[in-house]
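Here the structure is laid out as C-alpha cells; the discussion comes afterwards.
Taken together, the values in this text are just the output of simple stated rules run on the coordinates, not laboratory data. Here the structure is a predicted model, which means the values were calculated and not measured. Using ideal geometry, Cβ is built from the backbone for each residue, glycine included, and neighbour counts are taken over all protein chains shown.
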Amino acid sequence: MITALIADDHPLFRRGLRALLGTMGEVEVVGEATNGAEAVTLAASLRPQLILLDLHMPGGDGLTAIRRLTALPQPPHILVVTMVSDDDSVFAALRAGARGYVLKDADEPDLIRAVLAVAHGEALFSPGVAARIMTFFSARPATDPFPGLTASERNVLQLMSRGLSNEAIAGSLGLSAKTVRNYVSNVFAKLHVASRAEAIARARDAGL
C-alpha cells in the first residue's frame, strides 16, 4: 500500500484528487495540507511515501517545502501537481528534489501513471514538461566541456549528475533501460572514467 499526502490550497482540487486516488486500490491518502509549511509538519508525523504538492500555495511556498521534505530523515517521493509549466518553475522544482512534475489538467490515466511511477522512485513528467526538459538539455553551451559526447549522451550525463538512476533517466527521457545503459557506458568511455561517481564529479565540476 502506497501512503500519500495531498498538499494544495484549493479544497475542490484536493477533494477531486483524493477521489481519484481512492479509485486506486494500492494508494491510501493519509492526510491533506493547505500549504507548504503544513505539508512538512504532516509529512514528519505521518511519514507518507508520496506527496502530491502544488508549487504555489499561501503560508509556505512549494519549493521551500520540497527542500525541507527532502531533508527529512525518511524523505517522501514528491510529485508536483500544478498549473504552472514555465522553465523556471520546472527546473527549480527538480533542483529542489521533486521526482515528477505534472499539470493539473493532465488526463486521469496520465496522473495515475505519474503517481505510481514517482511512488516507486521513478521520475515522470507531463509530455509538455518532458519536452521542455529535452529542449533544455539539448541546448549546448557556447563552450562545451565535453565536445565528444552526443546530445543524447550529454542529456543522460546531466540527469546522472542530478542523482537520477538509470531507470529514472529512462522514464524521464522516454527511453528503454537498455538504451540508457548503453549511453552511460559511452559516457564512461569518452570521459575516461571507471565509475558513475567519477562521471558525476566530472559533470558537476563542469557546471552541468
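What is the distance, in nm, between label points placed 7 Å from the Cα along the Cα-to-Cβ direction at Ile112 and at Arg15?
2.2 nm
Which helices, taking whole DSSP H runs in the chain, have alpha carbons extending 20 angstrom or more along the helix axis plus mean Kyte-Doolittle at least -1.0?
On the way: long enough: 177-191 (21 Å, 0.05).
Membrane-span-like by this rule: 177-191.
For the range 6-45, what does the alpha-carbon gyration tensor say about shape, rounded, prolate or oblate, given a ≥ b ≥ c as the root eigenvalues, a/c under 1.5 as rounded, and a/b over b/c as prolate?
Numbers: a/c = 4.08, a/b = 1.39, b/c = 2.94.
Oblate, since a/c reaches 1.5 and b/c is not below a/b.
Which cross-chain or sequence-distant (5 or more) residues have an amide H under 5 Å from the amide H of Leu124, H modelled 1.01 Å from N in plane?
Close amide H contacts, sequence-distant or interchain: Gly100, Tyr101.
Can you list the residues, at least 5 places off or on another chain, whose amide H is less than 5 Å from the amide H of Val27, using H built in the peptide plane?
Ile2
Give the dimensionless ratio obtained when the Cα radius of gyration of the range 162-208 is divided by 2.2 N^0.38 Å. Can you show the working numbers first?
Working: Rg = 10.8 Å, N = 47, 2.2 N^0.38 = 9.5 Å.
Taking the Cα Rg and dividing by 2.2 N^0.38 Å, one obtains 1.13.
Of [x] 53, 17, 14; [y] 26, 21, 16; [z] 32, 17, 16, which is the value of semi-axes √(5λ) of the Cα gyration tensor in Å derived from the coordinates here?
Computed from these coordinates, semi-axes √(5λ) of the Cα gyration tensor in Å corresponds to label [z].
What is the local net charge at Asn182, summed over the other residues whose Cβ is closer than 14 Å to its Cβ (Lys, Arg +1; Asp, Glu -1)?
On the way: positive: Lys178, Arg181, Lys190; negative: Glu153.
Net of charged neighbours comes to +2.
Near Glu38, within a Cβ-to-Cβ distance under 14 Å, what is the net charge of the other residues, with Lys and Arg +1 and Asp and Glu -1? Don't skip to the end; give the middle numbers.
Working: positive: Arg14, Arg68; negative: Asp8, Asp9, Glu32, Asp54, Asp61.
Combined, the nearby Lys, Arg, Asp and Glu give -3.
If we count every other residue with Cβ under 14 angstrom of Ala168's Cβ, Lys/Arg +1 and Asp/Glu -1, where does the sum land? Please report the intermediate quantities before stating the final value.
Numbers: positive: Arg99, Arg162, Arg181, Arg196; negative: Glu122, Glu167.
Local charge sum for Ala168: +2.
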